[in-house]
Amino acid sequence: MRAALAVAQKANASGDVPVGAVIINSAGEIIATGHNERELHNDPTAHAEIVAIRRAAEILGQWRLEDHTIVVTLEPCPMCAGAIAQSRISTIVFGAWDEKAGAVGSVWDLIRDPRALNKVEVRGGVLADECSTVLKEFIQGVRKKD
C-alpha cells in the first residue's frame, strides 16, 4: 500500500485526485503503476486502476492478469471494479473506503456478487487512515482555492 500511496502523489502535478494503484505479480514484483489522470488527459476513464491495468496488459502482452494483485489507495468505483473483474486480476487490496461510489463493499459489491463470473479475493481498509488523509487533504486544498 505504501507504493500505491507514493504513486498517488504523482496525481497532484495535474490537479487530479491523488489515487494510486500498483499491480503486483505472483512473485511480489510491481509490474505496473497508475494514478488518476482524468484532468491530465481530459479522460473520464483515466482512473488509477484503469491506467495501471492498461500498462500491465501492455507490459505483459496480454489482457488476462490472472495471479496478479491490484493495490489501490481508494475502494474501486463500478467502472474500475468491472475492469478488474474483466482483466481476471485475482486479488484487490484497497485502502480507504468510498462511501459515495465504492463498488467493492461499501455502496455496491460488484466483485463478490454471486452472479460474477470471476472470483476475486478482496482485502479492504489497508492503511485506511493514511489513504483517507491524503484524499481529505486534497479536497481541503481544492475548497480553499474556490
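The values are calculated or read from the model by the stated rules, or taken from the named source; none is laboratory data. Owing to the predicted nature of the structure, the values given are computational and were not obtained by experimental measurement. Cβ placement follows ideal geometry from the backbone for every residue including glycine, while neighbour counts extend to all protein chains displayed. In case anyone asks, the SASA skips ligands and DNA or RNA and just uses the protein heavy atoms, side chains included. Shrake-Rupley method; radii C 1.70, N 1.55, O 1.52, S 1.80 Å.
Near H68, within a Cβ-to-Cβ distance under 13 Å, what is the net charge of the other residues, with Lys and Arg +1 and Asp and Glu -1? Charge balance near H68 sits at -2. At a probe radius of 1.4 angstrom, the accessible area of the stretch 1-85 per residue rounds to 45 square angstrom.
Based on Cα contacts under 8 Å between residues 6+ apart, the chain shows a relative contact order of 19 percent. With the highest mean first, a sort of the peptides 1-9, 69-77 on other beta-carbon atoms found within 10 angstrom per residue produces 69-77, 1-9.
Using only the C-alpha atoms, the convex hull of the chain corresponds to 101 Å³ per residue.
Here the accessible area of the chain is 51 percent carbon and sulfur, with a 1.4 angstrom probe and all protein chains present.
The largest-to-smallest principal axis extents of the Cα set in the stretch 74-146 are 44, 23, 19 Å. Need one number: % antiparallel among DSSP beta bridges in the chain, to the nearest 5. Restricted to the chain, the bridges split so that about 55 percent are antiparallel. Calculated [222 nm] ellipticity per residue, helices only, for the chain: -10500 deg cm²/dmol; basis is -39500 (n - 2.57) per DSSP H run with n ≥ 4, divided by all residues, nearest 500. Fully extending the segment from A6 to E130 would add 43.5 nm, taking 0.36 nm per residue of separation and subtracting the current Cα-Cα distance. Lysine pair count for the chain with Cα-Cα distance under 19 Å and sequence separation of 8 or more or different chains is 4. A viscosity of 0.692 mPa s and a temperature of 37 °C, combined with the Kirkwood radius over Cα pairs in Stokes-Einstein, give a translational diffusion coefficient for the stretch 1-68 of 275 µm²/s.
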